[in-house]
Amino acid sequence: MDYAATREEALARIAAAQDLDALEKLRVEFLGKQGSVSLLLKTLGAMSPEERRSTGPQIHALREGVSDALTARKTALEGAALEARLANESVDLTLPAPEAPRGSIHPVSQVLDELAEIFADLGFAVATGPEIEDDWHNFTALNIPESHPARAMHDTFYFPDSDTEGRRMLLRTHTSPVQIRSMLEQGAPIRIIAPGRVYRSDSDATHTPMFHQVEGLVIDKGIHLGHLKWTLETFLKAFFERDDIVLRLRPSYFPFTEPSVEVDVGFAQVNGADGKSRRVLGGCGDAPGHGWMELLGSGMVNRKVIEAGGLDPDEWQGFAFGIGVDRLAMLKYGMDDLRAFFDGDVRWLAHYGFSAFDVPTLSAGVGAGA
Ligand code: PHE
């Protein structure tokens, strides 16, 4: 057999291949499992040693020549394909640049992230509960029995039908039912915040039928009001990024806490450049030009609530608080109408929204753009 001639013929056909598909067919024809060159290599095994010594190098040279030619042709064809694409495709540098990303982080989302960051640093986990609640979790377990006037005060949205177990269903009016769910699910000790949507039939410039709260709950041994005050003070100083935040604790009443404490924060009345008077948090509310603003409700968890959570109130104590998240956002970022939060007006979102790059961290500052 004339291996040199076979080789010349193969190389000629490879050189003539016009595209990568044709080249691949040739590769299979020569070097594939049943390829002509591969079959020649297999004949070596049946040869006598002398025959193999003279023929072997020729067959190997044939295989190598074909293989090299295939690679070289492949490189050439790919190069040509790239050249053709480059010649064909062009970038029109006169087109306007793409628009900057339009989306922004809603102030409520931003504040929720800030809260999670601050409380995580204090050892609090984030818990959640359903927005469609039953009467027991939202009211009864929180020491608000059927006839309690607090039920009327909550302007509850009830569902017309009961659930399959005959429970009266409603849109939760506060995040406090998560207190009960957390105790029942995880037992004690507990250190959680529970942010989320709540619903009340109410609407004006500072009330919307849906708004956001964050609940805080600590259950442990020997917990007292001092722990509550320190936690709120530490949190509010971090959130408003001011060391001069002063709190005033006022006796109050909530069925689920005993004693109950309303927390006010001191503010200064400041005249802005636009001539409008603004409230700036910080300082003692009793100082001249200052005042107190009601900020949140809190207290020591009522024994009855600890019992409803399946825990022994002689063993476990705790404190709880509930804050309006939207109100926190308004105070920190200066909006004055809550309804605009939920209008979805892109101009408002562009103005008050935050960049997705402004992720709150304690080290970089929890305030946006800090
Ligand atoms: N759940 C109360 C409300 O919605 C707030 C609160 C929470 C008060 C926890 C005390 C303790 O007004």
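In the elastic network of the chain, a GNM with C-alpha springs shorter than 10 Å, the most mobile of Glu83, Glu114, Glu241 is Glu83. Evaluate the Debye formula for the chain with equal point scatterers sitting on the alpha carbons, no solvent, and hand back log10 of I(q)/I(0) at q = 0.06, 0.10 Å⁻¹, in q order, two decimals. Treating every Cα as an identical point scatterer, log10 I(q)/I(0) equals -0.47, -0.70.
Within straight-line reach of Lys332, meaning a Cα separation under 13 Å, sit the following aspartates and glutamates at least 8 residues removed in sequence or on another chain: Glu114, Glu241. Summing charges over all other residues whose Cβ lies under 11 Å from the Cβ of Asp220, with Lys and Arg as +1 and Asp and Glu as -1, gives +1. Look at the alpha carbon pairs under 8 Å that are at least 6 residues apart: their mean separation over the length of the chain gives a relative contact order of 16 percent.
Only protein atoms count toward the accessible area here, which uses a 1.4 Å probe; on the chain, the carbon and sulfur part of that area reaches 54 percent. Under a Gaussian network description of the chain, with springs only between Cα atoms under 10 Å, the residue in Asp92, Asp135, Asp312 that fluctuates furthest is Asp92. Rolling a 1.4 Å probe across the protein heavy atoms gives region 3-87 an accessible surface of 65 Å² per residue. Taken per residue, the accessible surface of region 216-321 reaches 47 Å², heavy atoms only and a 1.4 Å probe.
Cβ-Cβ distance of Glu165 and Thr128, R₀ of 25 Å, FRET efficiency by 1/(1 + (r/R0)^6): the value works out to about 0.70. With a 1.4 Å probe rolled over the protein heavy atoms of all chains, the accessible area of Phe157, Phe235, Phe211 falls in the order Phe157, Phe211, Phe235, largest first. Two tests apply to each whole DSSP H helix in the chain, Cα reach of 30 Å or more along its axis and mean Kyte-Doolittle hydropathy of at least -1.0, and the ones passing both are 49-88.
Stretched out straight at 0.36 nm per residue, the stretch from Leu41 to Glu83 would grow longer than its current Cα-Cα span by 11.4 nm.
If you run the Gaussian network model on the chain, springs between alpha carbon atoms under 10 Å, then out of Met335, Met47, Met183 the most flexible one is Met47.
Solvent exposure of Trp136, expressed as accessible area, is near 100 Å², computed with a probe of 1.4 Å over the protein chains only.
Loop-only trypsin sites (Lys or Arg not before Pro) in region 168-222, please: DSSP not H, G, I, E or B, and at most 10 other Cβ atoms within 10 Å. Hits after loop and neighbour filter: Lys221. Fully extending the segment from Ser54 to Met335, taken as 0.36 nm per residue of separation minus the present Cα-Cα distance, adds 91.8 nm.
Annotation: lysines with alpha-carbon distance below 28 angstrom to Lys74 (same-chain offsets under eight excluded): Lys25, Lys33, Lys42.
The values are calculated or read from the model by the stated rules, or taken from the named source; none is laboratory data. This is a predicted model, so every value here is computed, not measured. Quick reminder, even Gly has a Cβ in these numbers, built from the backbone with ideal geometry, and neighbours come from all protein chains shown. SASA here: full protein model, heavy atoms, side chains in, ligands and nucleic acids out. Shrake-Rupley method; radii C 1.70, N 1.55, O 1.52, S 1.80 Å.
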